[in-house]
1. Hey, does segment 237-259 have a residue that's aromatic (F, W, Y), without any contact (Cβ under 8 Å) to a residue 12 or more places away in the chain, more than 24 Å from S335 (Cβ to Cβ) and assigned to a helix (DSSP H, G or I)?
2. What is the number of the single condition among (1) modelled with pLDDT of 80 or more; (2) among the polar types (S, T, N, Q); (3) within 24 Å of P19 (Cβ to Cβ); (4) surrounded by 17 or more Cβ atoms within 10 Å (Cβ to Cβ) that S276 does not meet?
3. Where in segment 1-102 are there helices (runs of 4 or more DSSP H), lying fully within it, with 2 or more residues that are within 29 Å of A289 (Cα to Cα) and β-branched (V, I, T)?
4. Give segment 1-29 a look and list any residue that's surrounded by fewer than 19 Cβ atoms within 10 Å (Cβ to Cβ) and closer than 15 Å to N296 by Cα, or say none.
5. Which condition breaks for I396 when tested against (1) in contact with an Asp or Glu (Cβ under 6 Å, 6 or more places away or on another chain); (2) β-branched (V, I, T); (3) modelled with pLDDT of 85 or more?
6. Any chance segment 125-145 includes a residue that's among the aromatic types (F, W, Y), under 19 Å from I282 (Cβ atoms) and touching a residue at least 40 places away in the same chain (Cβ under 8 Å)?
7. Go through (1) in a helix (DSSP H, G or I); (2) closer than 27 Å to L416 by Cβ; (3) over 19 Å from the mean Cα position of the chain (by Cα) for F268 and report which single condition fails.
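The values are calculated or read from the model by the stated rules, or taken from the named source; none is laboratory data. Note that the coordinates shown come from a computational prediction; the quantities given were computed from them, not determined experimentally. When we count neighbours, we look across all protein chains shown, and the Cβ atoms used for this are built from the backbone with ideal geometry, even at glycine.
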Amino acid sequence: MTIVIFLCSLVAAMAIGVPVAFALIFCGLVLMAWMGLDDPQIVASTMVGGVDQFTLLAVPFFLLAGELMNAGGLSRRIVNFSVTCVGHLRGGLGVVTILAAVIMASLSGSPSADTAALAAILIPMMREAGYDVARSTGLMAAGGIIAPIIPPSIAFIIFGVVANVSITGLFMGGIVPGLLMAISLLIAWYFVSRRETVELLPRRSARERWLAFRSAGWALFMPVIVIGGIRFGVFTPTEAAIAAAAYALFVGLAIYREMSVRRLWIVFRDAAKTTSVVMFLIASAMLSAYLITLANIPVTLHQYIEPFVAYPRLLLTLIMILVLFVGTALDLSASVLILTPVLMPIIKQAGIDPIYFGVLFIMNASIGMITPPVGIVLNVVSSVARVPLGQVIRGISPFLIALVCVLFLLVAFPQLVLVPLAVLR
């Protein structure tokens, strides 16, 4: 009965348009009433205590790093470097999109910011070259969701905090799956672009490529600092976020000199707004997570799925299907914050590696960002590229299929995650 009350209160609040954070608080209050708890301090102390963690400082700093990258010219130089390398190939601008998405994913970890930057720069170029706009925007959205998988990843930080799992382990475990996502998009784009007749960009000379590399060198060095620093124990993920923001600020102000004081104020303001939304959502979810545990919902749920615990791969397949379904209605952060406290006890009981599960879970929830009807990244591409949302949804289908295939490939062959993870740790 407790599970029914939890689900009904959450779905009912969201169905009438209550924002997810407030729906989680409402759900928590309903659970408190059901369990006979009437102390309002439970709400305040749990929400404040939930976000009062040093690790979560990484979230605002990685968000700030993403804003500073876009405003300081780092993103534009990365795209220009990609164009000089592979822009002359057949379907070259699509290859540029994927290559730039991978590089930018290793800088900020924010899918919305990366997608907006890519769409603003590349969609006009693809239009002018004669690419199908729907397919182009679909590829842009699909490339954008590589950001939560390749480190540094804000989604991994949130999952690590909620699930009490090593964030460094999640970062290392996401590298190979992120690259597999990029490869799957390249394969899908190859078949899609064969049907298009477009104007090819001229092949750039070795000198032009060198100049583009030198111009983007400061931006390309940022992942070395962040990922290398975490891998070799120079700093924690939280300290890496601070280093990334400081580095992006230094490059934008002192090297590229595209950052003015007025622009800096706007960047800090936008990062603060995004941070407030994310952190309030985390605080609300911590209240629900605490009450879910107090109400023994994971134990009750375990009784229903106990027959599947003996078959970990089947259990994981069913969970992935569930998360895919939930992802069509919930944002990435909401999916992670709502489902993680419920699923993690089951995952541990089944003997599934928590880091392996975390990588698949975040990948799955990220795919939800490009599935209608919610599809946050779809809406970002639609608004930035000024393309009707219906066209973007039509264009995303081959890339969505490719990403789902990668997801279930990793379910079938866990070694694709676990073996590289053991090497990189």
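1. Looking through segment 237-259, at least one residue is aromatic (F, W, Y), without any contact (Cβ under 8 Å) to a residue 12 or more places away in the chain, more than 24 Å from S335 (Cβ to Cβ) and assigned to a helix (DSSP H, G or I).
2. Among (1) modelled with pLDDT of 80 or more; (2) among the polar types (S, T, N, Q); (3) within 24 Å of P19 (Cβ to Cβ); (4) surrounded by 17 or more Cβ atoms within 10 Å (Cβ to Cβ), the lone unmet condition for S276 is (4).
3. Details: elements: 2-15, 20-35, 41-51, 58-72, 74-86.
Filter on segment 1-102 gives 2-15, 20-35, 41-51.
4. M1, T2, I3, V4, I5, L7
5. (1)
6. no
7. (2)
Results for (1) surrounded by fewer than 24 Cβ atoms within 10 Å (Cβ to Cβ); (2) basic (K, R); (3) over 14 Å from S106 (Cα atoms); (4) touching a helix residue (DSSP H, G or I) at 6+ places or on another chain (Cβ under 9 Å), shown as yes or no for each residue.
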residue: G144; (1), (2), (3), (4): no, no, no, yes
residue: N164; (1), (2), (3), (4): yes, no, yes, yes
residue: G173; (1), (2), (3), (4): no, no, no, yes
residue: A182; (1), (2), (3), (4): yes, no, no, yes
